[in-house]
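Please read the structure below before turning to the comments.
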Amino acid sequence: MVKHTATSVVTIERFIIEQERMFPEATGELSGILYDMALAGKMIANKVRSAGLADILGATSATNVQGEVQQKLDIIANEIIVKAFDHGGRLCAMASEEEPDIIHIPEGFRAGKYVLLFDPLDGSSNIDVNVPVGTIFSVYRKITRGTRGEMEDMLQPGRRQVAAGYVIYGSSTMLVYTTGQGAHGFTLDPSIGEFLLSHPNIRIPDRARYLSVNDAYEQDWPEPTRALMRRYRGMDGVRAPLNVRYVGSLVADFHRNLLGGGIFCYPANTRSPRGKLRLLYEANPLAFIAEQAGGLASDGSGRVMDIQPTELHQRTPLYLGSRAEVETVQEFPLPPEFVERRVGTAGAA
Ligand code: AHG
Ligand code: MN
Ligand code: MN
């Protein structure tokens, strides 16, 4: 593979092609999915950027010039992704946080051998206050025999992901992805409309600086979780305290911790014993990126990517980020009612 320095200009397209060349048996389909996601990301970035103008431009009525009712941005992002992928011939089905059921490829279009799962707009409640939001995606190979994707294809443990990533719509738009060959970041140059390689081979710092958690739920956490948070905050005298940073957009919190070192926690609590975040659309793809960058993801009792999913919109508690911080979670075991059923062992395919 060609070595890239931070000063050479490498588009995401060229980078993907070079990665694909390392696998002579590759058909190019997975690369195609990554290009399409980069395109969808640019289209969503464009919508997000003008979101603050919606009230001004649409002040006269709730309908736009085509007579269509103005939609929420997460529904628009969902449609952008579905339309970018449903006719490409690379996917046999999709699933989205915004839709209750599997999204099938329309009749008449060729079906491919991959499935795509996504959170079209993560942190969307933050749009109104101009806080970064993101898109998260996850790709698996179809395992059923038919041409159309089925539920079984969607409900695979995260360790079987063949690609995953996110786009963050922040002060710049960035796309970070992995195909299991490290995690790589690209920054959108808006003047030429291209994602350029800016963060090759991201490594999450071993020494964490940040703790991201919403401690408004503290009263509902089980006692071991409260003790764990006291540890992170340096309150039990064992370690120096982490700095607390919580955006409330998972992608933004994760991205900061990935680059700066830190842990994101969304623990189980007595009101939500499975936490809030979605295993398939949020936890698994970011877990894959974290592990590829040398970090880890746990649900409080084991590796997130070893959980056997049983339903599309399943939730999971999440501890995600720098390895040593995530490993600390094991020192604070949870009562049995908070422990997720899982199959397989770490590393098994
Ligand atoms: P989404 O906008 O896709 O529904 O996700 C929101 C999520 C996630 O981005 C964030 O980390 C979390 O909700 C924040 O939840 P709390 O407000 O409960 O802390
Ligand atoms: Mn989300
Ligand atoms: Mn969402």
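The values are calculated or read from the model by the stated rules, or taken from the named source; none is laboratory data. For clarity, every value in this text was computed on a predicted model and none was experimentally measured. We place every Cβ from the backbone using ideal geometry, glycine too, and count neighbours over all the protein chains shown. These accessible areas exclude ligands, DNA and RNA; they are computed on the full protein's heavy atoms, side chains included. Shrake-Rupley method; radii C 1.70, N 1.55, O 1.52, S 1.80 Å.
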Furthest towards positive pole of dipole, Asn214, Asn284, Pro309, structure part region 210-338, Cβ charges: Asn214
DSSP beta bridge pairing in region 12-199, given as percent antiparallel to the nearest 5: 85 percent
Residue-count net charge about Gln161 - beta-carbon cut-off 11 Å; Lys, Arg +1, Asp, Glu -1: +2
Label point distance in nm, Val9-Gln308, each placed 7 Å from Cα along Cα→Cβ: 5.2 nm
Solvent-accessible area, 1.4 Å probe, carbon plus sulfur percent, for region 85-126: 44 percent
Solvent exposure of the chain as accessible area per residue, Å², 1.4 Å probe: 46 Å²
Assigned charges on the beta-carbon of Lys, Arg, Asp, Glu; region 12-199 dipole about Cα centre (debye): 480 debye
Relative contact order (percent, whole number), region 210-338, Cα cutoff 8 Å, 6+ residue spacing: 28 percent
Charge dipole magnitude, Cβ of K and R +1, D and E -1 - region 153-223, Cα centre, debye nearest 20: 380 debye
Among Gln308, Gln292, Gln181, residue whose mean-square fluctuation peaks in a GNM of the chain (springs only between Cα atoms under 10 Å): Gln181
Nearest-20 debye value, the chain charge dipole, Cβ charges on Lys, Arg, Asp, Glu: 800 debye
For region 306-327 and region 241-285, distance of Cα centres in Å: 10 Å
Solvent-accessible area of Arg141 with every protein chain in place, 1.4 Å probe, in Å² to the nearest 10: 120 Å²
Whichever aspartates and glutamates have a C-alpha closer than 18 Å to that of Lys42, once near sequence neighbours (fewer than 8 apart) are set aside: Glu13, Asp74, Glu79, Asp86, Asp119, Asp122, Asp189, Glu194
Cα shape, the chain, gyration tensor, a/c 1.5 rule: rounded
Global form of region 14-56, assessed from the alpha-carbon gyration tensor, a/c cut-off 1.5: prolate
